[in-house]
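Novice: This is the structure I have questions about; it appears just below.
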Amino acid sequence: MNGQPSSDVIAQVKDIPIYRPYVERGHFPILEKPEIARGFPDNWMTPTLAAALAAGEAEFVLSTGTNHARMQIIRPPYFLLNSYYRLWSEHPDIADTWHEGCRRVSLTTVLATEHVARVNARKRGGPEAEPDPLPDLDQRRLDERTFYVNLRRDPALWDRADVERMIEEIRTAQAAHPRGRYHLDCSGPHLAHLVRKAVDWGLWASFPRPASIVHAYEYAPLNVRRYLQHHFSCPVVDLFGSTELGYLFYSDRTGAYRPYLDRMSVELIPVEPGSRIHHLIVTSVRNPHMPLVRYRSGDCVRTADGSPDPARITRFCGREKELLKTPHGPVAQGDLDDVVTAASPRVFVHQLDARDPSRALLHYTTFDGAPLAPVEADALRHGVAALTGRDTALDHRAHIPIGGSGKYAWLAKDT
């Protein structure tokens with residue numbers, strides 16, 4: 001497979017300025033983010049797009065920028081939300097909670113909460129209006145079905161009042177359903193922090209149990225997923241996607257991934273010759289205002305047999321900009337996560353400092369707050385050393401700060 005688009009796709013993009021040279025040459029190269037930004041928006045503008053923008057059927061938005069430089073894109077209003085809702089409504093394990101009209105509680109980065117509050121403030125007060133510093137629940141409602149609950153950047157710093165408020169707000173979603181059911185949408189680490197604090201402070205008995213859980217905002221470490229599955233009896237599924245693409249894959253309740261490639265195709269290219277880690281390259285016309293042809297998403301995947309067969313994808317293992325070079329080849333976030341998980345189920349947050357080329361230091365926290373036992377620590381130390389090809393030390397901490405984006409960085413970098 002050479003990755004070149006089908007004749008149907010070419011027919012849909014042939015009039016877009018950025019693609020005209022490729023159509024003329026009969027070859028589409030891989031589309032990089034800087035190329036998308038160069039000359040934006042004129043490099044995407046057509047009479048049809050201009051009319052859609054004028055009619056409010058298309059809008060300018062920024063990608064989240066949590067894992068790469070923020071990129072301006074053009075899309076239909078609520079493009080990502082509608083992609084989420086459609087997938088939720090069709091997912092074999094959780095579609096029932098959609099069709100029963102369950103409310104959706106979103107527990108994720110404070111940046112997401114702030115965005116919703118800002119949009120609502122401007123709906124009410126005009127384009128220059130700003131939300132309250134601590135927006136109330138009504139100001140944090142995305143629509144009739146969804147509201148956001150996190151008001152702090154670092155979930156490890158939630159205090160008892162934060163946790164009690166969030167539990168009470170979740171209870172309102174539960175109470176709105178005749179059978180007391182609701183859907184919990186989250187970043188996996190955020191929900192793990194909330195569960196841990198509720199347990200530690202004697203609030204777990206009052207925590208409303210969700211009927212379904214989706215984690216979709218960042219890589220969820222295997223120990224975090226296992227922790228959530230231990231505490232909740234409902235399906236816990238992962239959705240994989242992005243602001244510019246919508247959702248492409250979903251997991252079932254066992255963690256196995258299934259494609260959701262409506263008006264999309266993907267190809268895999270090794271991150272370097274011989275590597276079993278692959279770049280994810282996406283062609284998508286799902287967004288009619290900014291179709292992406294052979295777009296490098298920045299995500300890395302592994303397949304069941306190491307081949308570049310998209311049908312064999314088993315793991316979304318991190319971002320290409322966060323690959324760590326080692327004597328054995330590049331290492332991804334998921335590779336370190338496998339080592340951590342094999343050593344101990346008690347490790348919660350972990351971060352690798354490999355800035356010194358001669359050694360590695362793994363910072364870690366645990367769900368119970370206690371350092372690893374010597375046997376677990378030795379297994380972890382040896383596993384990280386084998387993975388990175390460096391002498392390794394461990395550093396147990398009570399707290400690892402979350403990144404400025406509201407997501408955890410697995411690899412420490414110079415600031």
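Novice: I'd like the projected area of the range 156-275, averaged over all directions, using the convex hull of its alpha carbons. Report it in nm² with one decimal.
Specialist: 10.1
Novice: A further question follows. Would you mind classifying the range 274-406 by shape? Square roots of the alpha carbon gyration tensor eigenvalues, ordered a ≥ b ≥ c; an a/c under 1.5 is rounded, otherwise it is prolate if a/b is larger than b/c and oblate if not.
Specialist: Since a/c reaches 1.5 and a/b is larger than b/c, the shape of the range 274-406 is classed as prolate.
Novice: Under unit Cβ charges (Lys, Arg +1; Asp, Glu -1), what dipole magnitude, rounded to 20 debye, does the range 170-315 have relative to its Cα centre?
Specialist: 480
Novice: Tell me which trypsin sites (Lys or Arg not before Pro) from the range 301-344 have a DSSP coil assignment and no more than 14 other beta carbons within 10 Å of their own.
Specialist: Answer in residue order: K325.
Novice: Can you tell me what share of the DSSP beta bridges in the chain is antiparallel? A percent to the nearest 5 is fine.
Specialist: Within the chain, antiparallel bridges account for around 60 percent of the total.
Novice: Then there's this: Give the span of the range 27-136's Cα atoms along each principal axis, as three whole-Å numbers ordered largest to smallest.
Specialist: Cα spread of the range 27-136 along its principal axes, largest to smallest: 46, 40, 31 Å.
Novice: Please identify the longest segment of the chain free of exposed GluC sites (Glu not before Pro), where exposed means a DSSP state other than H, G, I, E or B and no more than 12 other Cβ atoms within 10 Å.
Specialist: Excluding the exposed sites themselves, the longest stretch runs over 145-415.
Novice: Please compute the length gained on full extension between H382 and L203, using 0.36 nm multiplied by the number of residues separating them and subtracting their Cα-Cα distance.
Specialist: Computed gain between H382 and L203 is 60.6 nm.
Novice: Can you give the extra length, in nm with one decimal, that the chain gains between R160 and L261 once fully stretched, where that is 0.36 nm per residue apart less the Cα-Cα distance?
Specialist: 32.1 nm
Novice: Could you size up the charge dipole of the range 94-234 around its Cα centre, putting +1 on the beta carbon of Lys and Arg and -1 on that of Asp and Glu, and report it in debye to the nearest 20?
Specialist: Computed about the Cα centre, the dipole is about 340 debye.
Novice: For the range 137-250, give me the percentage of DSSP beta bridges that are antiparallel, rounded to the nearest 5 percent.
Specialist: 40
Novice: In Å and from the alpha-carbon atoms only, list the Rg and Dmax of the range 352-412.
Specialist: When restricted to the Cα atoms of the range 352-412, Rg and Dmax are 12.2, 35 Å.
Novice: Evaluate the distance, in nm, between pseudo-label points positioned 7 Å from the Cα of N82 and of S7 along their respective Cα→Cβ axes.
Specialist: It works out to 2.9 nm between the two label points.
Novice: Further question: Using the charge dipole of the chain (Lys, Arg: +1 at Cβ; Asp, Glu: -1 at Cβ; taken about the Cα centre), state which of A211, P41, A117 has its Cα farthest towards the positive end.
Specialist: A211
Novice: If the cut-off is a Cα-Cα distance under 30 Å, which lysines reach K321, setting aside same-chain residues fewer than 8 apart in sequence?
Specialist: K33, K407, K413
Novice: Do any trypsin sites (Lys or Arg not before Pro) in the range 1-54 lie in a DSSP loop with no more than 13 other beta carbon atoms within 10 Å, and if so, which?
Specialist: K14, R38
Novice: Still on this structure: When only alpha-carbon atoms count, how far does the range 49-203 stretch along each of its three principal axes, as whole angstroms with the largest first?
Specialist: Extents along the principal axes, in whole Å: 56, 36, 32.
Novice: Pull out the extension gain between Q72 and E90, defined as 0.36 nm times the separation in residues minus the alpha carbon to alpha carbon distance; nm, one decimal.
Specialist: Full-extension gain reported as 3.5 nm.
Novice: With the cut-off at 1.5 for a/c, could you classify the chain from its C-alpha gyration tensor as rounded, prolate or oblate?
Specialist: The shape class here is oblate.
Novice: I would also like to ask the following. If R0 is 30 Å, what FRET efficiency do you get for D368 and L137 from their C-beta distance, rounded to 0.05?
Specialist: 0.40
Novice: Continuing with the same structure: Go ahead and run the numbers for FRET between R38 and I269, Cβ-Cβ distance against an R0 of 22 Å, rounding to 0.05.
Specialist: 0.50
Novice: To the nearest 20 debye, what is the magnitude of the charge dipole of the chain about its Cα centre, counting +1 on the Cβ of each Lys and Arg and -1 on the Cβ of each Asp and Glu?
Specialist: 120
Taken together, the values in this text are just the output of simple stated rules run on the coordinates, not laboratory data. For clarity, every value in this text was computed on a predicted model and none was experimentally measured. As a convention, Cβ positions derive from the backbone with ideal geometry for all residues, glycine included, and neighbour counts pool all protein chains shown.
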